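Since the structure comes first, as structure tokens, the remarks are kept for the end.
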Amino acid sequence: MKIVDLPADDLQVVNIGLESFAQDLRDQGVVVVQLDWRPPAGGNARMAALLASLEDDDDDEAS
Amino acid sequence: MSIKQANQEAIRRIEEGNAMWIDLRLACDVVPGMEDHTVLHAGPPVGWENMCGPMRGAVIGACMFEGWASTPEEAIALAASGTLRFDSSHHHRAIGPMSGIITPSMQVNVVRNERFGLDTFSTLYMGTGKVLRHGAYDETVMAKLRWMNHELAPLLKAALQHAGGIDIMALVAQAVQMGDEMHNRNKASNPLLITQLAPHLVAVGERAQVIEALKFIDNAGHFILNMVMAGCKGILDAASGIADSTIVTAIARNGYETGIRVSGTGDRWFTAPAPQIKGVFFPGYGPDDANPDMGDSAITETLGLGSLAMAGAPAVVQYVGGTPEFAIETTMNMFEITVAESKTLKMPNLNFRGTPLGIDIRKVVKTGITPVINTGISCKRAGVGQIGAGLTAVPIACFEKALEAFATARAV
Amino acid sequence: MPLKTQVMVSFYQDSVILMRVAAQLRTLPDVREVAMFMGTPANHALLEQVGLATDTGRQAGPNDLIITVDANDDGVAADAIAAARTQLLETRKAREESSEFRPRSLESALQAMPGASLVSLSIPGPYVKDEALSALRHNRHLFIFSDNVPVEDEVQIKREAQRRGLLCMGPDQGTAYLGGKGLGFANVVKRGRVGCVAASGTGLQAVVSRLDALGEGVSHAIGVGGRDLSEAVGGLMALQALDALAADRETQAIVLISKPPHPSVLARVIDKMATIAKPIVVCCIGAAPGAAAANRLVWVETLDQAADAVVALLAGRTWQAARFSDGKQLAAQWARLDKPEAFAGRQILGLYTGGTLAYETGHLLQQALGADHPHRILDLGDDEYTIGRPHPMIDPRVRTEMIVKAGGDAAVGVMLLDLVLGLGANENPAESLVSAVHEARRIAADNGGRIAFLASILGTAGDPQGLESQTAQLHEAGIHLFATNADAARCAAMLVKPQLQAAWMNRECP
């Protein structure tokens, strides 16, 4: 188990979901990017599951 | 290999590729598998019974050019009889816009991807309006076809030899910074081509010949398109067949279906019905006259040109419809479905950001954003020609099918 | 009239925006009901359940918006739908015209902002897992506000977070603080030296607000989600959080806030705490320390006590539990009650927007009253009340209706209320509360009865709603205000059971 490195003071957030949360963060001076989110694969659960199984991992290193 | 690594390899090969226009040759001499009575067409494989009006028109014109038939009726009968061998140009290292018909006696450009020793082929671009690729085959079209193959081609061949070849992708890189997207807007690239060719034409040709050739190339407006398309194909073909790569290597339409190919699944096509095109029409024509999306020219989009580079070519909206803001938004959306940015093709008004490169089928399916295509619109009736221009997209079904096939192949 | 439905294809909108528009449409004359939902399986089931499903609506997929109107005539319904469409399209257009760049994928978001340290998720529960794992794969911390996340998903996400040394704050976590910034529903509090681990939203808010009032600040407050300390999840994130705060230089004392954990999990948590050298306060509202409790741990019963205890520890003082949080204020409020004896034996109704506050009250009343005196303490943030409606901290309508309704319930003698301020909460919660109380009081009076309204405000001097003005509004409405939720609950108990008043106040208050 790795000990968590708590984020440094300069919090920067990707907000996925309720827009009000992005605004509340900006009001505190936090830099926020609001995602234009919608259900993956247009809501097609089978495609979404397929996609999840084919996702990249940042752990993958180029050979 | 992980998908990420495979895709990085695909991008690396794409970036190492180039496109030199080196020769004009007879199709039967250089196009692999170009046997007698072979008719290559744009898009994924399609038979005569399903061919759309303009493609049938182009087949008719080609049959008469070859001398296989002397009238349109004879040509139709020949096609329906099963005597002709139809196949996708893509299967033969060849490519063509709109109906993209290539037959043995036609002269073809030879474009070479030198790094990978890969040659690709396309016919000469006829111009706009009533032309063979849009399904027109009257005597003016046939006369032009004969002139291009018997008079223009030999002159160009000699000029190319004199020049030692012309670097097409170097022209493209310049033109992209001058507001071209290389599919529907070639206002800079075509003149650049003429500038490169002119001294060599003058060196090898007679004055009247050269004048006629230069005027023709200039009037055609998009003469460079067919070489660019061959160049894009050569660069992408070199990145095909990388197992585990989800990068799209071809997008092509035959007026009946749209198909894509993916590096990791090699030569397999994933198809869906060809969509309608939303756009602006020439006077006297409207949506009811329009043929569905057609042509191999989406190979430009596949390499990050065309609508993917639209942000750098906002003037194209005057031709296909929309606003400059829409042009930027389109490219920004295309960044969402690609894995890299071009190191050589830069858009000045996006702070010289590289064009979106490497369409990833996973990103397309996940976001639902499909590649937009800027394209001309053919009349659905044979013999008429182009009736407008506009925008369409590649059906999501192509990408969903590709994703399933890819996942199955990978699981093995 | 039959229901009228229109489906807007490929038109995803978040639930808060949809509910806001629906609420506006409901106020139109002759409109009986309005449903605006994305066509997800859960929403389809909900529409069937409430009788608002239609054939047209059933065609909608998860990315399509269903607008269904129940109105007195077809024309009214059509107008309402048109109004909804216009409003939504205008909102979308305004957003597109503002040059704010909105990426469509996490990858492009992280490309635009490579310095992002955290991904905040407030999307429907079934979609959380894939997005959360994606964020973890990109080595970012998580704040998950979403609820209705399957427990298997939660465990999978937290194990992955644990493996990578990342935070997963949630699911179903309403509040957190990292580096002085509040996530979700957060009060504006000082930065300082107290670290919190909270399986609770309003519970955390109550503790940090009181710390702020006492002059202490928060280093980080790591929310772990309401289910973290259950047997199924086993305290995965709580243990991770404790280690993180133990290692954090800013944190000089730690507070754990939650409802009673599963005994096996509590034991594991206590074992972990035994390895931490910093002073620790444990507030598990009702959970009793086991026999093997470490001496250094300070156990408290209520949220306000958690703040008081840690302040004392940091000052090097010993902390002792008192009967009341603020005996003086309670005595003053008691004195203002007109004939308190009239409330003996009456029923207590608690209508809460904060879940842990409701739980705290329930616990205190259970202890004080047991089975003797009937009381109903409702957490209006519970699923039961929030299906198709925003959280009561955002939209007070559900509570307002229930307060007014209770005014006509002759059995109800005492009403307990909370008022939660801070970022994310309603911009003037006192306003609707006050008008509801006036209405309820009037109805009760018409029936010859009386209700005592007892409340506490959860807020800080820095909160956007204005603590003073909110307090003044409640005062002016004759609502009895207490320093803490616990004191309000105790006062309610004393009102309905006079023996308690004798026992508690005559010993305690001057």
Hey, B:R268 open to solvent by 50 Å² or more (accessible area, probe 1.4 Å), within 28 Å of B:E49 (Cα to Cα) and modelled with pLDDT of 95 or more or not: yes
Could you tell me whether any residue of the stretch C:370-378 is modelled with pLDDT under 95 and among the small types (G, A, S)? yes
Name the single residue, out of those in the stretch C:63-95 being closer than 30 Å to A:M47 by Cβ and assigned to a loop (DSSP other than H, G, I, E, B), that is modelled with the lowest pLDDT. C:N63
Could you please find all residues in the stretch B:362-396 being open to solvent by 10 Å² or more (accessible area, probe 1.4 Å), among the aliphatic types (A, V, I, L, M) and either closer than 15 Å to B:N254 by Cα or more than 11 Å from every other protein chain (Cβ to nearest Cβ) (or both)? B:V372, B:A382, B:V384, B:L391, B:A393
C:L297 vs (1) farther than 30 Å from C:T386 by Cα; (2) touching a helix residue (DSSP H, G or I) at 6+ places or on another chain (Cβ under 8 Å); (3) among the aliphatic types (A, V, I, L, M); (4) modelled with pLDDT of 90 or more: all pass except (4)
B:K144: passes all of (1) assigned to a helix (DSSP H, G or I); (2) crowded, with 16+ Cβ neighbours inside 10 Å; (3) in contact (Cβ under 8 Å) with a residue 40 or more places away in the chain but (3)
Within the stretch B:341-361, considering residues that are out of contact with any Phe, Trp or Tyr (no Cβ under 8 Å at 6 or more places or on another chain) and either at the interface with another protein chain (Cβ under 10 Å from one of its Cβ atoms) or surrounded by 21 or more Cβ atoms within 10 Å (Cβ to Cβ) (or both), the one farthest from B:E301 (Cα to Cα): B:M347
Inter-residue pairs, beta-carbon under 6 Å, first more than 7 Å from chain A (Cβ to nearest Cβ) and open to solvent by less than 10 Å² (accessible area, probe 1.4 Å) and in the stretch C:123-135, second modelled with pLDDT of 95 or more and in a helix (DSSP H, G or I), 6+ apart: C:A132/C:I157
Taking the stretch B:1-33 and keeping residues within 13 Å of another protein chain (Cβ to nearest Cβ) and either assigned to a helix (DSSP H, G or I) or within 22 Å of B:T344 (Cα to Cα) (or both) leaves B:I3, B:K4, B:Q5, B:A6, B:N7, B:Q8, B:E9, B:A10, B:I11, B:R12
Please note which helices (runs of 4 or more DSSP H) are completely contained in the stretch B:149-225 and include at least 1 residues that are under 19 Å from the mean Cα position of the chain (by Cα). B:168-176, B:189-204, B:207-220
Which of the residues spanning the stretch B:315-358 are over 20 Å from B:I277 (Cβ atoms) and among the aliphatic types (A, V, I, L, M)? B:I328, B:M332, B:I337, B:V339, B:A340, B:L345, B:M347, B:L350, B:L357
Within the stretch B:316-331, identify whether any single residue is within 30 Å of B:R381 (Cα to Cα), among the hydroxyl-bearing types (S, T, Y) and open to solvent by 10 Å² or more (accessible area, probe 1.4 Å), and answer yes or no. yes
Could you list, in sequence order, all residues of the stretch C:104-121 that are in a loop (DSSP other than H, G, I, E, B) and more than 7 Å from chain A (Cβ to nearest Cβ)? C:S105, C:P114
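Residue-wise test of (1) farther than 21 Å from C:H363 by Cβ; (2) under 21 Å from the mean Cα position of the chain (by Cα).
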| position | (1), (2) |
| --- | --- |
| C:R227 | no, yes |
| C:M237 | yes, yes |
| C:T251 | yes, no |
| C:L256 | no, yes |
| C:V281 | no, no |
| C:R296 | yes, no |
| C:A306 | no, yes |
| C:V311 | yes, no |
Tell me whether the stretch C:149-168 contains one or more residues that are among the hydrophobic types (A, V, I, L, M, F, W, C), assigned to a helix (DSSP H, G or I), at the interface with chain A (Cβ under 10 Å from one of its Cβ atoms) and buried (at least 23 other Cβ atoms within 10 Å of the Cβ). yes
Yes or no: C:G182 away from chain A (no Cβ under 12 Å), of a type in the set (G, A, S) and either open to solvent by less than 10 Å² (accessible area, probe 1.4 Å) or assigned to a strand (DSSP E or B) (or both)? no
The helices (runs of 4 or more DSSP H) lying wholly within the stretch B:309-412 that contain at least 2 residues that are at pLDDT 90 or above and among the hydroxyl-bearing types (S, T, Y) are B:324-335
Being buried (at least 22 other Cβ atoms within 10 Å of the Cβ), farther than 25 Å from C:T275 by Cβ and charged (D, E, K, R), is that true of even one residue in the stretch C:219-239? no
So which of B:A393, B:A382 ends up being of a type in the set (G, A, S) and in contact with a strand residue (DSSP E or B) (Cβ under 8 Å, 6 or more places away or on another chain)? B:A393
Here are some conditions: (1) more than 13 Å from the chain's Cα centre (by Cα); (2) over 26 Å from C:L46 (Cα atoms). C:I387 meets all but one. Which one does it not meet? (2)
Is there a residue being modelled with pLDDT of 95 or more and not in a helix (DSSP H, G or I) anywhere in the stretch C:431-446? no
Looking at C:A176 and the list (1) in a strand (DSSP E or B); (2) open to solvent by 10 Å² or more (accessible area, probe 1.4 Å), which single condition is not satisfied? (2)
Restricting attention to the stretch B:37-81, which residues are closer than 15 Å to B:E257 by Cβ, open to solvent by less than 40 Å² (accessible area, probe 1.4 Å) and outside any helix (DSSP H, G or I)? B:H41, B:A42, B:G43, B:P44, B:V46, B:G47, B:M51, B:C52
For the stretch C:364-392, what are the residues that are in contact with a helix residue (DSSP H, G or I) (Cβ under 8 Å, 6 or more places away or on another chain) and either assigned to a loop (DSSP other than H, G, I, E, B) or open to solvent by 70 Å² or more (accessible area, probe 1.4 Å) (or both)? C:H373, C:L380, C:G381, C:D382, C:I387, C:G388, C:R389, C:P390, C:P392
Taking the stretch C:9-62 and keeping only residues that are open to solvent by less than 80 Å² (accessible area, probe 1.4 Å), more than 10 Å from C:G388 (Cβ to Cβ), in contact (Cβ under 8 Å) with a residue 24 or more places away in the chain and assigned to a helix (DSSP H, G or I), one is left with C:V16, C:I17, C:V21, C:A23, C:L25, C:A42, C:T56, C:G57
Return the pair list, or none, for Cβ contacts closer than 9 Å from residues in the stretch A:27-54 that are over 16 Å from B:E400 (Cβ atoms) and more than 8 Å from chain C (Cβ to nearest Cβ) to residues that are in a helix (DSSP H, G or I) and open to solvent by 20 Å² or more (accessible area, probe 1.4 Å), at least 6 apart or on different chains. A:V32/A:Q23; A:V32/A:R26
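The values are calculated or read from the model by the stated rules, or taken from the named source; none is laboratory data. Keep in mind that what you see is a predicted model, and the values were worked out from it rather than measured. Using ideal geometry, Cβ is built from the backbone for each residue, glycine included, and neighbour counts are taken over all protein chains shown. Side chains are part of the model used for accessible areas, which takes the heavy atoms of the whole protein and leaves out ligands, DNA and RNA. Shrake-Rupley method; radii C 1.70, N 1.55, O 1.52, S 1.80 Å.
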